[in-house]
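Here's the structure, in structure tokens; my notes come after.
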Amino acid sequence: MSDKNLVTGPESFPEPRFDDGALTQVASTKASRRQFIKGVIASGAVASSAAVFLTACEPGEQAAAPAAAAGGVERLLTLNVNGQMRRVDVLPNETLAMTLRYKLNLTGTKLGCDRGECGACTVMLDDIAHYSCSTLTHAAKNMAITTVEGLESESGELHPVQQAMIDELGPQCGFCTPGQIMSAVALLRANPNPTRDEARLAMSGNLCRCGAYDNYLNSVMRAAEMA
Ligand code: FES
Ligand code: FES
């Protein structure tokens, strides 16, 4: 390879050649592009100002503004979570697990697989167990949402299922435990005296990587006896 091929500086490029007509054309193109960009910026500023003006003029419409931007879906929801009305901004495609954990700071609800397989994210909607990773928050807006944080009594006593899990040494690493508890509570609300097989079936949507299935089952049966 010759040294000439290694030259990469300006001297390796041919001299630019313009005639007057071309220069005039380039100058006019630059000017029109500049004008175009200025126009876009100006029109954006006008649109923003108009939005602010409309929002400011009609306070009752303020909550509707984000909804229009999201394609007509109301984003500002009031959710009934653990008996409290919680106001929260929710994206149209947001899952309940995301809302609970990252908007409402209720991190007792765990995310394992995030695709409806493990049960770590189980919560109750109107007393029925649901995977919150596979439930859109918008679908739960008219339901009573209960998470593991909402189970203890007002005086701070653990729910009988929580106490039974402790007594039966249910949790090993504990990651799946909130989901196991929520499934057990939902079962006992629907069927306070389940057989062991009924309990096993009701808990079958909750996987435990530690393999503590018998301990959890013993906990459910103990909680049923205590109730
Ligand atoms: S995280 Fe929801 S089922 Fe696994
Ligand atoms: S106790 Fe560890 S995953 Fe269930």
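Among the residues of region 105-146, how many are more than 11 Å from ligand 1 (Cβ to nearest atom), of a type in the set (Gly, Ala, Ser) and either under 12 Å from the mean Cα position of the chain (by Cα) or more than 24 Å from Pro171 (Cα to Cα) (or both)?
Here the count works out to 3.
Could you tell me which residue of region 182-227 is nearest to Gln163 (Cα to Cα), considering only residues that are surrounded by 14 or more Cβ atoms within 10 Å (Cβ to Cβ) and within 15 Å of ligand 1 (Cβ to nearest atom)?
Filtering first and then ranking leaves Met182.
Taking Leu111, is it in the same structural domain as Cys208 (by TED's automatic domain parsing) and either among the hydroxyl-bearing types (Ser, Thr, Tyr) or within 16 Å of ligand 2 (Cβ to nearest atom) (or both)? Walk me through it before giving the result.
Values: in the same structural domain as Cys208 (by TED's automatic domain parsing): yes; either among the hydroxyl-bearing types (Ser, Thr, Tyr) or within 16 Å of ligand 2 (Cβ to nearest atom) (or both): yes.
The answer is yes for Leu111.
Assess whether Ala164 counts as being away from ligand 2 (no atom under 16 Å from the Cβ) and assigned by TED's automatic domain parsing to the domain that holds Asp127. Break it down stepwise before answering.
Working: away from ligand 2 (no atom under 16 Å from the Cβ): no; assigned by TED's automatic domain parsing to the domain that holds Asp127: yes.
No, not satisfied.
Which residues, counting only those in region 96-129, are closer than 12 Å to Asn206 by Cα and either modelled with pLDDT under 95 or crowded, with 22+ Cβ neighbours inside 10 Å (or both)?
Cys118, Gly119, Ala120, Cys121, Thr122, Val123, Ala129
How many residues are of a type outside the set (Ser, Thr, Tyr), touching a residue at least 60 places away in the same chain (Cβ under 8 Å) and within 20 Å of Thr109 (Cα to Cα) when one looks only at region 156-201?
So the answer is 13.
Cβ-Cβ under 7 Å, sequence separation 6+ or interchain: first residue in region 103-117 and within 15 Å of Thr146 (Cβ to Cβ), partner more than 16 Å from ligand 2 (Cβ to nearest atom) and in a loop (DSSP other than H, G, I, E, B). Which pairs?
Matching pairs, first to second residue: Leu106/Thr147; Gly108/Thr147; Thr109/Thr147.
Quick check on region 201-216. Is at least one of its residues part of a helix (DSSP H, G or I), assigned by TED's automatic domain parsing to the domain that holds Ala129, out of contact with any Pro (no Cβ under 8 Å at 6 or more places or on another chain) and away from ligand 2 (no atom under 14 Å from the Cβ)?
Yes: region 201-216 contains one or more residues that are part of a helix (DSSP H, G or I), assigned by TED's automatic domain parsing to the domain that holds Ala129, out of contact with any Pro (no Cβ under 8 Å at 6 or more places or on another chain) and away from ligand 2 (no atom under 14 Å from the Cβ).
The values are calculated or read from the model by the stated rules, or taken from the named source; none is laboratory data. Owing to the predicted nature of the structure, the values given are computational and were not obtained by experimental measurement. Glycine also receives a Cβ, built like all others from the backbone with ideal geometry; neighbour counts cover every protein chain displayed.
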